[in-house]
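Trainee: The structure is given below, and queries will be raised subsequently.
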Amino acid sequence: MDVAIIGVGLHPFGRFPGVSAIDMGAIAIRRALADAGVEWRDIEFAFGGSYEIDNPDAVVARLGLTGIPFTDVYNGCATAASALTLAANTIRLGDHRLGLAVGMDKHVPGAFKGDPQDYACPSWYGEVGHFTTTKFFGMKINKYMHDHGISHSTLAKVAAKGYRNGGLNPNAFRRKPLSEEEILGSPMLNYPLTQYMFCAPDEGAAAVVLCPAEDARRYTETPIYLRASTVRTRRLGAFEVHSPWLPIEETVGATVDASRAAYEMAGIGPQDVDVIQLQDTDAGAEVIHMAENGFCADGDQEALIADGATEIDGPLPVNTDGGLIANGEPIGASGLRQIHEIVLQLRGQAGDRQVPGSPKVGYTQLYGAPGTAGVSILSV
Amino acid sequence: MAQVPVAEGIFTWPSDDPQLIASRCSACGMVMFPAQDSCARCASTEIEEHLLPRRGRLWAWTTQDFQPPSPPYAGATGKDFVPFAIGYVELPDEVKVEARLTESDPEKLVQAAEMELVVVPFGTDDDGNEVVTFAFRPVAT
């Protein structure tokens, strides 16, 4: 059974002192309900994703205690993809006809902390300073640049596009354009990645309302169909976050596996996609993910980005709302922010950042520790 | 001042030629570091100790220019923090190991350069012992 998205809602991403993650989640849900033209009491089930909040379902205290099944999920940076996939599958199973996926988070500033043992790593791995995600991203793009001829200037162009697109997005965290020189000149964090090439953990919430495709026209004249939604974890030999060792044998990463499965499920290929959201934890990740999701061959990014291919008016528009670089990453909400942007783009409601030519197919990808990826494909 | 390893069971110490202590799966031959009691490829629990060769080639690298969050980071902090480099060294036909590198200048780190295992000072523990950890240094050519 096909599933439709009939409503999306967002609480802006950024820093909101005094506003709890639960309250941001409630605001995102109310906006999604209003967008769909339904009431909270109509919602039959929900999935909620968060890293910081143990029980996103507590949001019912702000919306109404209706007794619905409300399941909380956490799956690293792919948390929102997991909430969305589970919500869609609940509809496909025929259990319920109107449901909701919501993500919310409120992180303190600075790099994510954690206990290495929770990631199947020994304690010493953290004690000696290996347990940072940013270091993995630095290593991956450094090797990729060496192997495939990507320049430092290309990384700066990707970050500059993120801030520029963020300036067109009233919900974004970072809206001030930065020049390539400012980006390259900011402090080095993990070579070759500088401070302004990284996204920041921040705060925000996003929600979507889903129903069976056959019901969608009862609610909206512009349903957006969820053609595929997949989650994959790393296989042996993939180069992934928090790996004290890697085998000699090598294979593709979790993103490639999730992407291939999504294309197959949707019956859609990368050449059919009109607007793209990729996990840009850092500028290098966006470059690599262009190839890992099938939008170009390894190394072609250098010329494509120089030619402006990934700009809003280019042939491969990537992260039209500024991506993670401009929006930051409230982990539980990040993937639903991507869905929110694709839905607006496919409806033609993206305002100053609208991709020209009435885009018909959108694509989203998430990636994070310890090697988990989520991909969604949407169409009009 | 006594020297103590950052953890027991990860490298042979004290030793003039320290080696990393890995696991090898008796069923499929998979090599894993640090030692673990089951196989990441075939899930066998028939595992034997396996000492790794001391030389390999630099497979990927970056620098750690900011102080990692503490906990878990237990090294020098604040003005005493010294940026370092980190990378994977591919030990031929065995495994790729993630480790601190003794050279942290991006201009001097070369993809596929030959590297050798060393044990280096890392910090001081609560009892005043010098804590040492493993690292790879470029082999002088």
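The values are calculated or read from the model by the stated rules, or taken from the named source; none is laboratory data. Since we're looking at a predicted model, the values are computed, not measured. When we count neighbours, we look across all protein chains shown, and the Cβ atoms used for this are built from the backbone with ideal geometry, even at glycine. Quick note on the areas: whole protein, heavy atoms, side chains included, nothing else; ligands and nucleic acids left out. Shrake-Rupley method; radii C 1.70, N 1.55, O 1.52, S 1.80 Å.
Table: residues versus (1) outside any strand (DSSP E or B); (2) surrounded by fewer than 16 Cβ atoms within 10 Å (Cβ to Cβ).
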{"residue": "B:MET1", "(1), (2)": "yes, yes"}
{"residue": "B:GLY9", "(1), (2)": "yes, yes"}
{"residue": "B:PRO14", "(1), (2)": "yes, yes"}
{"residue": "B:ASP17", "(1), (2)": "yes, yes"}
{"residue": "B:ILE21", "(1), (2)": "no, no"}
{"residue": "B:ARG24", "(1), (2)": "no, no"}
{"residue": "B:CYS28", "(1), (2)": "yes, yes"}
{"residue": "B:GLN36", "(1), (2)": "yes, no"}
{"residue": "B:CYS39", "(1), (2)": "yes, no"}
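So that you can scan it fast, the table gives a plain yes or no per residue for (1) without any contact (Cβ under 8 Å) to a residue 60 or more places away in the chain; (2) within 24 Å of the chain's Cα centre (by Cα):
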| position | (1), (2) |
| --- | --- |
| A:HIS148 | no, no |
| A:VAL158 | no, yes |
| A:PHE173 | no, yes |
| A:TYR196 | yes, yes |
| A:ALA207 | no, yes |
| A:THR220 | no, no |
| A:ALA238 | no, yes |
| A:GLU249 | yes, no |
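Trainee: Considering only residues that are out of contact with any His (no Cβ under 9 Å at 6 or more places or on another chain), assigned to a loop (DSSP other than H, G, I, E, B) and of a type in the set (Asp, Glu), look in the range A:308-352 and name the one that is nearest to A:TYR74 (Cα to Cα). Walk me through it before giving the result.
Mentor: Within the range A:308-352, the subset out of contact with any His (no Cβ under 9 Å at 6 or more places or on another chain) is A:308-317, A:319-320, A:322-327, A:332, A:334-352.
Adding the requirement that they be assigned to a loop (DSSP other than H, G, I, E, B) leaves A:308-317, A:319-320, A:322, A:348-350.
Now drop any that are not of a type in the set (Asp, Glu), which leaves A:311, A:313.
Numbers: A:GLU311: 32, A:ASP313: 35 Å.
Taking the candidates together, the pick is A:GLU311.
Trainee: Step by step: first the residues of the range A:287-318, then only those that are open to solvent by less than 20 Å² (accessible area, probe 1.4 Å) and in contact with a Ser or Thr (Cβ under 8 Å, 6 or more places away or on another chain), then the one that is nearest to A:GLY371 (Cα to Cα). Which residue is that?
Mentor: This residue is A:HIS289.
Trainee: For the range B:54-106, give me each residue that is in a loop (DSSP other than H, G, I, E, B) and among the hydroxyl-bearing types (Ser, Thr, Tyr). Steps first, answer last, please.
Mentor: Residues of the range B:54-106 that are in a loop (DSSP other than H, G, I, E, B), as a first pass: B:54, B:65-77, B:81-83, B:92-94, B:102-106.
Within the range B:54-106, B:SER70, B:TYR73, B:THR77, B:THR102, B:SER104 qualify.
Trainee: Taking the range B:73-97 only, how many residues are within 9 Å of another protein chain (Cβ to nearest Cβ) and farther than 18 Å from A:LEU189 by Cβ? It would help to see each step written out before you state the result.
Mentor: Of the residues in the range B:73-97, the ones within 9 Å of another protein chain (Cβ to nearest Cβ) are B:73-75, B:83-88, B:90-97.
Okay, now just the ones that are also farther than 18 Å from A:LEU189 by Cβ, so B:74, B:88, B:90-97.
Residues in the range B:73-97 being within 9 Å of another protein chain (Cβ to nearest Cβ) and farther than 18 Å from A:LEU189 by Cβ: 10 in total.
Trainee: Here are some conditions: (1) more than 14 Å from chain B (Cβ to nearest Cβ); (2) touching a helix residue (DSSP H, G or I) at 6+ places or on another chain (Cβ under 8 Å); (3) more than 23 Å from A:GLU203 (Cα to Cα); (4) not polar (S, T, N, Q). A:ASP95 meets all but one. Which one does it not meet?
Mentor: Unmet condition: (2).
Trainee: Against the condition in a strand (DSSP E or B) and within 25 Å of the chain's Cα centre (by Cα), how does A:ASP105 come out, does it pass?
Mentor: Details: in a strand (DSSP E or B): yes; within 25 Å of the chain's Cα centre (by Cα): yes.
Yes.
Trainee: Quick one: in the range B:98-117, of everything that is closer than 19 Å to B:PRO18 by Cβ and open to solvent by 20 Å² or more (accessible area, probe 1.4 Å), which residue is nearest to the other protein chains (Cβ to nearest Cβ)?
Mentor: Top of the filtered list is B:ARG100.
Trainee: In the range A:243-280, which residue that is within 14 Å of chain B (Cβ to nearest Cβ), open to solvent by less than 20 Å² (accessible area, probe 1.4 Å) and in contact with a Phe, Trp or Tyr (Cβ under 7 Å, 6 or more places away or on another chain) is nearest to A:VAL375 (Cα to Cα)?
Mentor: First, pick out the residues of the range A:243-280 that are within 14 Å of chain B (Cβ to nearest Cβ): A:243-251, A:253.
Pick out the ones that are also open to solvent by less than 20 Å² (accessible area, probe 1.4 Å) and you get A:243-244, A:246-247, A:253.
Subsequent filtering for residues that are in contact with a Phe, Trp or Tyr (Cβ under 7 Å, 6 or more places away or on another chain) retains A:244, A:246, A:253.
Numbers: A:PRO244: 27, A:LEU246: 25, A:GLY253: 13 Å.
Among them, the one singled out is A:GLY253.
Trainee: Output the number of residues of the range A:122-150 satisfying the condition of being farther than 21 Å from A:CYS199 by Cβ, more than 9 Å from every other protein chain (Cβ to nearest Cβ) and not in a helix (DSSP H, G or I).
Mentor: Residues in the range A:122-150 being farther than 21 Å from A:CYS199 by Cβ, more than 9 Å from every other protein chain (Cβ to nearest Cβ) and not in a helix (DSSP H, G or I): 1 in total.
Trainee: Now for a separate question. Consider A:THR154 carefully, then state whether it is within 14 Å of chain B (Cβ to nearest Cβ) and open to solvent by less than 10 Å² (accessible area, probe 1.4 Å). Before the answer, list the steps.
Mentor: Numbers: within 14 Å of chain B (Cβ to nearest Cβ): no; open to solvent by less than 10 Å² (accessible area, probe 1.4 Å): yes.
Taking the combined requirement at face value, the residue does not satisfy it.
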